[in-house]
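**Student:** Sharing a structure here in structure tokens format.
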Amino acid sequence: MFAWITENVATLVICLILAAVIALIIAVMIRDKKRGKSSCGCGCGSCPMNGSCRKK
């Protein structure tokens, strides 16, 4: 088992870094959603999903 870990340490480190980045992105998206920020960056007046993307 230890030999496998030493042979694949670079792959494991890269996977851990990618998992951390993805977790950070998800956390920021959840925080923005709770604060009421829109992901599109424009007004919701002309959006077809106007009533369903956030609570009014």
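The values are calculated or read from the model by the stated rules, or taken from the named source; none is laboratory data. These numbers come from a predicted model, not from an experiment. Here the Cβ positions follow ideal geometry from the backbone for every residue, glycine too, while neighbour counts run over all protein chains shown. Protein only, heavy atoms only, side chains kept; ligands, DNA and RNA dropped before computing areas. Shrake-Rupley method; radii C 1.70, N 1.55, O 1.52, S 1.80 Å.
**Student:** Filter segment 21-37 down to the residues that are over 10 Å from the mean Cα position of the chain (by Cα) and in a helix (DSSP H, G or I) and list them by number.
**Tutor:** If the condition is that a residue be over 10 Å from the mean Cα position of the chain (by Cα) and in a helix (DSSP H, G or I), then 31, 32, 33, 34, 35 are the ones that fit.
**Student:** Filter segment 9-56 down to residues that are among the charged types (D, E, K, R) and either open to solvent by 70 Å² or more (accessible area, probe 1.4 Å) or in contact with a helix residue (DSSP H, G or I) (Cβ under 8 Å, 6 or more places away or on another chain) (or both) and give me whichever is modelled with the lowest pLDDT.
**Tutor:** Per the criteria, the residue is 56.
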